[in-house]
Amino acid sequence: MLTSRSGGQLVVDALQIHGVDIVFGVPGESYLPVLDALHDSSIRFIINRQEGGAAFMADAYGKMTGKPGICFATRGPGATNASIGVHTAFQDSTPMILFVGQVGNDFVEREAFQEIDYRRMFGQMAKWVAQIDRADRIPEYIARAFQVATSGRPGPVVLALPEDCLSAQACVADTRAYNPVQASPSAAQIAELSTRLAQAQRPFVLIGGTGWDQTACLQLAAFAECQQLPVGCAFRFQDLMANSHPNYVGDVGIGINPKLADRIKNADLVLAIGPRLGEMTTSGYTLLEAPRPRQSLIHIHSDALELGRVYQADMMINSGMREIAAALSTLPTMSTPNWSTQLRQAKAELALWQQEPAIFKQENAPLNLWQVLQELQVACPADTIITNGAGNYATWAHRYFLYGGLRTQLAPTAGAMGYSVPAGIAAKILDPRRTVVTFAGDGEFLMNGQELATAVQYGAAVIILVFNNSMFGTIRMHQEREFPERVSGTQLRNPDFAALAQAYGAHGEIVERTEDFSAALRRALTHTREQNLPALIELRYDGNLITPGASLANIRASAKKAGK
Ligand SMILES: Cc1ncc(C[n+]2csc(CCOP(=O)(O)OP(=O)(O)O)c2C)c(N)n1
Ligand SMILES: [Mg+2]
């Protein structure tokens, strides 16, 4: 006999059936029956301070686990705040479900208090947007939301919950737990791929996207090893292969090693496994020219609609990552001595690219950020998670840090500022045993720095490095390139970040000289381990040190020379 349950209870029961252990959100009076049902459930509700932080935490959860990250937000203002995380999850192909409150059906379409039509609002940035108008259909909608968020190319789903539906009672059966669906490559496709690969003189493997698990990553690495193939990781999917692996040759993103870019341009076969081949990964569609690349291209993606969208590849294979990795790992060895020589060269080019840049000596800089990265690498365990948002400071991690393998990087391919801090906190809440280091710019940190309160509340002992150059550096860099010496809208007057951290109850200190970093990092590591509280180190440095390769002064001078 089915018992009667409220809409709120049905929502929470469905979440439990689908294996949800943590949800993130900011409460609203629009979904009180859900909050009430959470009261008696085993689900942890992490209370955030801004829905942008909550949605980013849900995205980070999705990236860490491969399961949908769950976020709750109230009507209009809550939903608009959370939308940055939905857009990020969409571009990053992260499984996520955002539940939003909605005005009751008795008031709908009157532009009632905080009313928005979510189907129109989220239409372009979610895989599916729906409103559940009947309590007895809650289990069905939620099961479909999990299915959609995780099948094919993962992504975000938005479900609106009208107030009257949450307070209504219904007698309805629960669904079964969701079961994600992925395509598999056919035997004929694997045979053709194999033939094409065997004929290649200069093959290159580019991996990216989501849907990977530990086994798939190990199988991919075994395939690369067996065939002696160079492997590059697409923009911000740099953790799909341990960066110390002999076949890893670099990140294919913003600020790519020019030698690596040349290698990809000159390859005769690019085997792209999982990436969308987006603007950042292809250096603005130049590494591979759109729509017909000069190289032969085999594009493998979990979404059939992504294949042929930009690139008319020579072979397009619709497959999940587990499925393709398993198939590739069984191929016989076809490596030639030529391939292994190329791999050794690519690896040597990466090593050169990662050496200390000359800029710190040239500029006589008191704080050497390359040295900071070396100290970090030595002090942190191999499974350390590095998070970042948008900004030039992220280059230091992408170029110089050796990511330890799957799920050691949380970073938005969508380039959203404000991601770093919530992502770091979510990672630490999920896996408190692991060291988590957040890279944040001075601009970027303040977009979601309020989540430090969340970190302190839940004992999320993340280490935050604030790269303080007193500017929106990325924009200033572009500005000097296009409009030299006309600084506009990019300077920042900042708070004392260390004091700010202390005000939240975190450890905070400022480092301005290379020789002080090591001890500061040790204090931060000890503090986080012993106190279970976050620590922040503000790295104060001269804004002229804008990239490892060029100072702002250099960029300005070249722009002026070019007649800008
Ligand atoms: C939410 C959001 N707003 C604006 C931008 C545009 N943007 C990209 S990088 C950047 C500056 C980042 O400054 P900071 O965090 O200080 O890092 P820096 O570049 O100085 O190292 C801005 C404004 C963005 N990517 N995301
Ligand atoms: Mg800055």
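The values are calculated or read from the model by the stated rules, or taken from the named source; none is laboratory data. Since the structure is predicted, the reported quantities are computational estimates derived from the model, not experimental observations. Ideal geometry is used to build each Cβ from the backbone, glycine not excepted, and the neighbour counts take in all protein chains shown.
One residue stands out among those in the range 492-540 that are within 17 Å of Gln374 (Cα to Cα) and of a type in the set (Ser, Thr, Tyr): the one that is farthest from ligand 2 (Cβ to nearest atom), which is Ser518. Scanning the range 488-500 for residues that are within 13 Å of ligand 1 (Cβ to nearest atom) and among the hydrophobic types (A, V, I, L, M, F, W, C), we see that the one that is nearest to Ile429 (Cα to Cα) is Phe497.
Has the range 548-564 got at least one residue that is within 17 Å of Gly449 (Cβ to Cβ), in contact (Cβ under 8 Å) with a residue 24 or more places away in the chain and surrounded by 15 or more Cβ atoms within 10 Å (Cβ to Cβ)? No, there is no match, as no residue in the range 548-564 is within 17 Å of Gly449 (Cβ to Cβ), in contact (Cβ under 8 Å) with a residue 24 or more places away in the chain and surrounded by 15 or more Cβ atoms within 10 Å (Cβ to Cβ). Kindly evaluate Ala503 against the criterion of being more than 16 Å from ligand 1 (Cβ to nearest atom), out of contact with any Gly (no Cβ under 7 Å at 6 or more places or on another chain) and either modelled with pLDDT of 95 or more or not basic (Lys, Arg) (or both). Against the criterion (more than 16 Å from ligand 1 (Cβ to nearest atom), out of contact with any Gly (no Cβ under 7 Å at 6 or more places or on another chain) and either modelled with pLDDT of 95 or more or not basic (Lys, Arg) (or both)), Ala503 qualifies. What is the number of the single condition among (1) closer than 17 Å to Asp92 by Cα; (2) assigned to a loop (DSSP other than H, G, I, E, B); (3) touching a residue at least 40 places away in the same chain (Cβ under 8 Å) that Ala272 does not meet? (2) is the only condition that Ala272 fails. Listed conditions (1) within 16 Å of ligand 2 (Cβ to nearest atom); (2) in a loop (DSSP other than H, G, I, E, B); (3) of a type in the set (Gly, Ala, Ser) are all met by Gly449, apart from (2). Listed by first and then second residue, the pairs linking a residue in the range 383-410 that is in contact (Cβ under 8 Å) with a residue 40 or more places away in the chain to a residue that is within 12 Å of ligand 1 (Cβ to nearest atom) and acidic (Asp, Glu), with Cβ atoms under 7 Å apart and 6 or more places separating them unless they lie on different chains, are Gly389/Glu444; Ala390/Glu444; Gly391/Glu444. On inspection, Gln147 fails the criterion of being under 29 Å from Ala327 (Cβ atoms) and over 29 Å from the mean Cα position of the chain (by Cα).
Set side by side, the residues Asn554, Asn494 differ, and just one is in a loop (DSSP other than H, G, I, E, B) and either at pLDDT 95 or above or touching a Gly at 6+ places or on another chain (Cβ under 6 Å) (or both), which is Asn494.
Tell me, yes or no, whether the range 322-336 has at least one residue that is among the aliphatic types (A, V, I, L, M), over 19 Å from Asn468 (Cα atoms), without any contact (Cβ under 8 Å) to a residue 40 or more places away in the chain and not in a helix (DSSP H, G or I).
no
Across the range 491-499, not a single residue is classified as of a type outside the set (Ser, Thr, Tyr) and in contact (Cβ under 8 Å) with a residue 60 or more places away in the chain. Condition test on Thr65, is it buried (at least 24 other Cβ atoms within 10 Å of the Cβ), of a type in the set (S, T, N, Q) and closer than 23 Å to Ile385 by Cβ? No, not satisfied.
Give the range 87-134 a look and list any residue that's β-branched (Val, Ile, Thr) and either out of contact with any strand residue (DSSP E or B) (no Cβ under 9 Å at 6 or more places or on another chain) or over 20 Å from Pro180 (Cα atoms) (or both), or say none.
The first filter runs over the range 87-134 and keeps only residues β-branched (Val, Ile, Thr), leaving 88, 94, 97, 100, 103, 108, 116, 129, 132.
Scanning the range 87-134 gives Thr88, Val100, Val103, Val108, Ile116, Ile132.
Pull up the range 423-446, narrow it to residues that are more than 15 Å from ligand 2 (Cβ to nearest atom) and either more than 16 Å from the chain's Cα centre (by Cα) or among the aromatic types (Phe, Trp, Tyr) (or both), then point me to the one that is surrounded by the fewest Cβ atoms within 10 Å (Cβ to Cβ). This residue is Arg433. In the range 12-36, of all residues being among the small types (Gly, Ala, Ser) and within 18 Å of Pro162 (Cβ to Cβ), the one that is farthest from the chain's Cα centre (by Cα) corresponds to Ser30. Count of the range 453-486 residues, restricted to those that are surrounded by 15 or more Cβ atoms within 10 Å (Cβ to Cβ) and either away from ligand 1 (no atom under 16 Å from the Cβ) or assigned to a loop (DSSP other than H, G, I, E, B) (or both), is 14.
The rows are residues; the columns are (1) among the hydrophobic types (A, V, I, L, M, F, W, C); (2) buried (at least 18 other Cβ atoms within 10 Å of the Cβ); (3) within 30 Å of Asp59 (Cα to Cα).
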position: Ala198; (1), (2), (3): yes, no, no
position: Arg202; (1), (2), (3): no, no, no
position: Asp213; (1), (2), (3): no, no, yes
position: Ala216; (1), (2), (3): yes, yes, yes
position: Ala222; (1), (2), (3): yes, no, yes
position: Glu225; (1), (2), (3): no, no, no
position: Val231; (1), (2), (3): yes, yes, yes
position: Asn243; (1), (2), (3): no, yes, yes
position: Asp262; (1), (2), (3): no, no, no
